[in-house]
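Here is the structure we will look at, set down as structure tokens.
Read-outs: derived from the displayed coordinates by stated rules, not from any lab. Just so it is clear, the model here is predicted, and its values are computed rather than measured. No Cβ is skipped: glycine too gets one built from the backbone with ideal geometry, and neighbour counts run over all protein chains shown.
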Amino acid sequence: MPDEGAKTTRRGVDYGLISAAAAMLIGICALGVSVYEVRLMRTQARAEVWPMVEVSSSFDRDSYAVSVENKGIGPALIRDVQITVDDDTIKDWAEFYRELGGTDVPDVSMARTTGNILRPNEEVTTVRFGSSGGELVWRNAERAKLSVCYCSAVHQCWRHTLPNLNSDLGHTVEVAACPRESKSLF
């Protein structure tokens, strides 16, 4: 009598082969779903730590100020700040003031921004020129461009550029990386 356990076919159909193919198809589908879920989780993790840095300026009769604010939902590591006047790179606020036509830097308060971590909704006033210098800066602010390069906690980086210091219309682009060792004194 033939062994019934060895019989795998009925009318020429190999049920073992069909079962193996079905198991392989289910495994491939499960792998695809897992890969998709990992991508979704990674996207969600990046969104949860997404910073959004913006630069603004303000002028009133008492002062002219430049501020950097994190409007995102995650911390922003400020890696580099660059300022140019008439397309010439500036090394510090004193040089900035002289390039705009000032002589002695008037009453000014400064805070170093490069290397700082801005929490969500935190704003730092980078520089504030008192009334005597503020008006000179305000009148010439269209000659100056400011750029801030910053990264998130998951090392995703962006550069926010303000085309001139009197503009409210800065633009932000994603960049591969920000300089690690910034020479910026801002």
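Each part reduced to its alpha carbon centroid, the stretch 18-81 and the stretch 107-125 end up 23 Å apart. The string of couplings for the stretch 116-123 from the Karplus curve (6.51, -1.76, 1.60, θ = phi - 60°) is 7, 10, 9, 6, x, 6, 8, 10 Hz, one whole number per residue in order, with x for Gly and Pro. Relative to the longest principal axis of the C-alpha atoms of the chain, give the angle of the C-alpha long axis of helix 15-48, reported between 0 and 90° and rounded to the nearest 10°. Helix 15-48 sits at roughly 10 degrees to that axis. Modelled this way, with points 7 Å down the Cα-to-C-beta line, the labels at ALA177 and ALA153 are 2.2 nm from one another.
The slack between VAL124 and ASP104, meaning 0.36 nm per residue of separation minus the straight C-alpha distance, is 4.7 nm. Using alpha carbons only, how many degrees (0 to 90, rounded to 10) separate the axis of helix 131-140 from the longest principal axis of the chain? Roughly 60 degrees, rounded to the nearest 10. If I take R0 = 35 Å and measure r between the Cβ atoms of SER131 and LEU185 in this structure, what FRET efficiency does the formula 1/(1 + (r/R0)^6) give, to the nearest 0.05? For SER131 and LEU185, the calculated efficiency is 0.90. Database note for the chain: Cys without another Cys beta carbon under 4.7 angstrom, CYS29. Look at the dipole of the chain built from charges on Cβ: of GLY32, PHE59, VAL105, the Cα furthest out on the positive end belongs to GLY32. Based on C-alpha pairs under 8 angstrom that are at least 6 apart in sequence, the chain has a relative contact order of 23 percent. Once the C-beta distance of VAL35 and ILE73 is scaled by a Förster radius of 22 Å, the resulting FRET efficiency is 0.25 to the nearest 0.05.
Counting 0.36 nm for each residue step from ALA94 to TYR15 and taking away their Cα separation leaves a gain of 20.1 nm.
Loop-resident trypsin sites (Lys or Arg not before Pro) (DSSP state other than H, G, I, E or B) in the stretch 54-159 with no more than 11 further Cβ atoms inside 10 Å of their Cβ: ARG61.
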